[in-house]
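S.K.: The following block contains the structure, expressed as structure tokens.
The values are calculated or read from the model by the stated rules, or taken from the named source; none is laboratory data. Note that the coordinates shown come from a computational prediction; the quantities given were computed from them, not determined experimentally. Cβ sites come from the backbone with ideal geometry, for glycine too, and all protein chains shown count toward neighbours.
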Amino acid sequence: MRVVSGIQPTGNLHLGNYLGAIVQWVKMQDEAECLFFLADLHAITVHNDPAQLRTNVREMAAALIASGVDPDKSVLFNQARVPAHAELAWLLNCTARIGWLNRMTQFKDKAGKNREGMSIGLYAYPVLQAADVLLYQATHVPVGEDQRQHLELARDVAEKFNTDFETDLFTLPEAMIAGPAARVMSLRDGSSKMSKSDPSDMSRINLTDDADTIAQKIRKAKTDPAPLPATMDELADRPEARNLIGIYSALSGEAAQVILSRFEGQGFGSFKPALAEIAVESLRPITTRFNELRHDHAAIDAILAKGADKAAALAAPTLKRAYEVMGLFR
Ligand code: TYM
């Protein structure tokens with residue numbers, strides 16, 4: 001079993017990333033060989049500020065370590081330090097089909113009406129993501145629900161490459177969508193996911209927010225005037241309420257039904273303070289550790305450089321064979 005996953009170093013680590021993916025990463029460290037990386041090559045597919053990117057890579061690395069990713073157990077690195085990712089992505093660009101990429105909903109969402117003005121990198125983004133996991137023969141990829149389609153594309157690319165070149169080179173990776181909350185929604189709009197790129201910081205809880213900020217964001221979270229019902233079924237048409245119950249459940253480990261039985265008939269005025277308390281308590285150790293680590297650039301850089309050396313060594317045989325089976329001299 002080999003586990004591989006990545007996160008873009010854009011903005012802060014938020015509760016969606018944490019509950020959708022990082023909790024699983026931390027858990028998998030004791031069960032399998034794990035590689036986790038900062039997807040800096042993905043981050044440059046939209047306009048980037050170089051100084052900001054450098055800060056973000058270090059801060060995201062510190063946030064992951066603070067969340068429990070242990071560089072002594074897992075290989076932790078930034079993608080750009082391992083050139084094999086970009087190299088394999090080019091080879092796989094020649095296997096992936098334009099029709100497949102045209103179906104990617106994340107590209108459609110990000111491009112909106114300005115498709116022609118987007119970078120080629122943003123369009124080919126899922127192929128780099130396929131390279132990220134195929135390079136290491138990943139068997140399992142722990143991600144949130146929003147990455148399901150990208151993982152399916154990685155499987156399609158692997159399968160077509162193996163068929164076209166009559167090889168068994170690439171392992172077909174499986175998406176592990178099993179975090180405590182695979183799809184955490186925005187606090188401002190229950191129909192869109194919590195995201196680093198949402199212009200409103202009030203839409204997300206960052207793992208770096210202090211206790212007052214977390215409490216304020218939850219107090220101001222969009223809800224509806226109705227009291228909480230007895231069952232989750234009755235929340236089907238109340239996405240904001242459903243999301244807050246889901247967050248409570250994921251943080252506390254209690255079933256949603258148990259939480260509803262406790263708050264049934266009560267309004268958000270009593271539920272929100274309880275949610276704020278559990279959120280603050282769960283995130284406090286992470287925030288404390290993050291603040292201790294974030295300015296220690298030397299330590300973070302050393303961890304990432306060491307991780308990159310290990311990752312490069314693990315990637316080398318697969319990349320070499322990919323060149324060979326394609327008939328390339330290298
Ligand atoms: P990214 O940086 O958007 O998110 C990192 C991880 O967090 C999950 N996630 C969520 N889960 C639940 N609710 C949410 N609101 C939420 N928002 C984000 C994501 O599903 C992801 O698991 N393209 C990827 C990064 C990547 C990658 C890879 C992932 C690059 N190469 C290879 C896996 C394997 C991305 O932008 O994730």
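Let's see how each residue does on (1) polar (S, T, N, Q); (2) in contact with a strand residue (DSSP E or B) (Cβ under 8 Å, 6 or more places away or on another chain); (3) near the ligand (Cβ under 8 Å from one of its atoms):
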| residue | (1), (2), (3) |
| --- | --- |
| Asn17 | yes, yes, yes |
| Val26 | no, no, no |
| Ala39 | no, yes, yes |
| Ile44 | no, no, no |
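S.K.: Quick one: in region 1-15, which of the residues that are within 9 Å of the ligand (Cβ to nearest atom) and among the hydrophobic types (A, V, I, L, M, F, W, C) is nearest to Pro180 (Cα to Cα)?
M.R.: The extreme case among them is Leu15.
S.K.: So, one more: On the given criteria, is Ile245 part of a helix (DSSP H, G or I), modelled with pLDDT of 95 or more and under 21 Å from Ala21 (Cβ atoms)? Spell out how you get there, then give the answer.
M.R.: Numbers: part of a helix (DSSP H, G or I): yes; modelled with pLDDT of 95 or more: yes; under 21 Å from Ala21 (Cβ atoms): yes.
Yes; evaluated as a whole, the condition is true for this residue.
S.K.: Being within 15 Å of the ligand (Cβ to nearest atom) and acidic (Asp, Glu) is the filter; apply it to region 198-215 and report the residue that is surrounded by the most Cβ atoms within 10 Å (Cβ to Cβ).
M.R.: Of everything passing the filter in region 198-215, Asp198 is surrounded by the most Cβ atoms within 10 Å (Cβ to Cβ).
S.K.: Filter region 172-197 down to the residues that are within 28 Å of Arg294 (Cβ to Cβ) and more than 10 Å from the ligand (Cβ to nearest atom), then identify the one that is surrounded by the most Cβ atoms within 10 Å (Cβ to Cβ).
M.R.: It comes out as Leu187.
S.K.: Just checking, does region 28-38 include any residue being closer than 22 Å to Ala315 by Cα, in contact with a Cys (Cβ under 8 Å, 6 or more places away or on another chain) and either surrounded by fewer than 24 Cβ atoms within 10 Å (Cβ to Cβ) or of a type in the set (S, T, N, Q) (or both)?
M.R.: Yes - at least one qualifying residue is present in region 28-38.
S.K.: Consider region 196-208. How many of its residues are modelled with pLDDT of 95 or more, part of a loop (DSSP other than H, G, I, E, B) and farther than 15 Å from Leu275 by Cα?
M.R.: Of the residues in region 196-208, the ones modelled with pLDDT of 95 or more are 200-206.
So of that shortlist, the ones also part of a loop (DSSP other than H, G, I, E, B) come out as 200, 204-205.
Applying the additional criterion that residues be farther than 15 Å from Leu275 by Cα yields 200.
Looking only at that region, the number is 1.
S.K.: Could I ask something else about it? If I filter region 67-116 down to residues being surrounded by fewer than 18 Cβ atoms within 10 Å (Cβ to Cβ) and among the polar types (S, T, N, Q), which single residue comes out as farthest from the chain's Cα centre (by Cα)?
M.R.: Checking each candidate, the answer is Asn114.
S.K.: Further question: Tell me, which helices (runs of 4 or more DSSP H) lie completely within region 1-114 with 3 or more residues that are of a type outside the set (Ser, Thr, Tyr), within 21 Å of Phe161 (Cβ to Cβ) and at pLDDT 95 or above? First the steps, then the outcome.
M.R.: Values: elements: 23-28, 40-43, 50-67, 84-93, 98-102, 105-111.
Answer list for region 1-114: 84-93, 98-102.
Table: residues versus (1) in a helix (DSSP H, G or I); (2) near the ligand (Cβ under 10 Å from one of its atoms); (3) surrounded by 21 or more Cβ atoms within 10 Å (Cβ to Cβ).
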residue: Val133; (1), (2), (3): yes, yes, yes
residue: Ala138; (1), (2), (3): no, yes, yes
residue: Arg148; (1), (2), (3): yes, yes, no
residue: Asp156; (1), (2), (3): yes, no, no
residue: Glu159; (1), (2), (3): yes, no, no
residue: Asn162; (1), (2), (3): yes, no, no
residue: Phe170; (1), (2), (3): no, no, yes
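S.K.: Among residues belonging to region 283-330 that are assigned to a helix (DSSP H, G or I) and either of a type in the set (Asp, Glu) or touching a Pro at 6+ places or on another chain (Cβ under 7 Å) (or both), point out the one that is farthest from Ala39 (Cα to Cα). Steps first, answer last, please.
M.R.: We begin by selecting, within region 283-330, every residue assigned to a helix (DSSP H, G or I); these are 283-293, 297-325.
Keeping just the survivors that are either of a type in the set (Asp, Glu) or touching a Pro at 6+ places or on another chain (Cβ under 7 Å) (or both) gives 292, 301, 303, 307, 309, 324.
Numbers: Glu292: 24, Asp301: 15, Ile303: 16, Gly307: 14, Asp309: 16, Glu324: 27 Å.
Selected residue: Glu324.
S.K.: Could I ask something else about it? Do we have Asn48 as within 13 Å of the ligand (Cβ to nearest atom) and either more than 21 Å from Arg183 (Cα to Cα) or buried (at least 23 other Cβ atoms within 10 Å of the Cβ) (or both) here?
M.R.: Working: within 13 Å of the ligand (Cβ to nearest atom): no; either more than 21 Å from Arg183 (Cα to Cα) or buried (at least 23 other Cβ atoms within 10 Å of the Cβ) (or both): yes.
Here the answer is no, as Asn48 does not meet what is asked.
S.K.: Let me ask another. Evaluate the following for Gly246: is it away from the ligand (no atom under 14 Å from the Cβ) and either crowded, with 20+ Cβ neighbours inside 10 Å or over 30 Å from Ala315 (Cα atoms) (or both)? Outline the logic, then answer.
M.R.: Details: away from the ligand (no atom under 14 Å from the Cβ): no; either crowded, with 20+ Cβ neighbours inside 10 Å or over 30 Å from Ala315 (Cα atoms) (or both): yes.
Taking the combined requirement at face value, the residue does not satisfy it.
S.K.: Kindly evaluate Thr167 against the criterion of being hydroxyl-bearing (Ser, Thr, Tyr) and under 19 Å from Gln129 (Cβ atoms).
M.R.: Details: hydroxyl-bearing (Ser, Thr, Tyr): yes; under 19 Å from Gln129 (Cβ atoms): no.
So Thr167 fails the test.
S.K.: The conditions are (1) assigned to a loop (DSSP other than H, G, I, E, B); (2) in contact with a Ser or Thr (Cβ under 9 Å, 6 or more places away or on another chain); (3) under 16 Å from Trp25 (Cβ atoms), and Ala182 fails exactly one of them. Which is it?
M.R.: If we test Ala182 against (1) assigned to a loop (DSSP other than H, G, I, E, B); (2) in contact with a Ser or Thr (Cβ under 9 Å, 6 or more places away or on another chain); (3) under 16 Å from Trp25 (Cβ atoms), just (2) comes out false.
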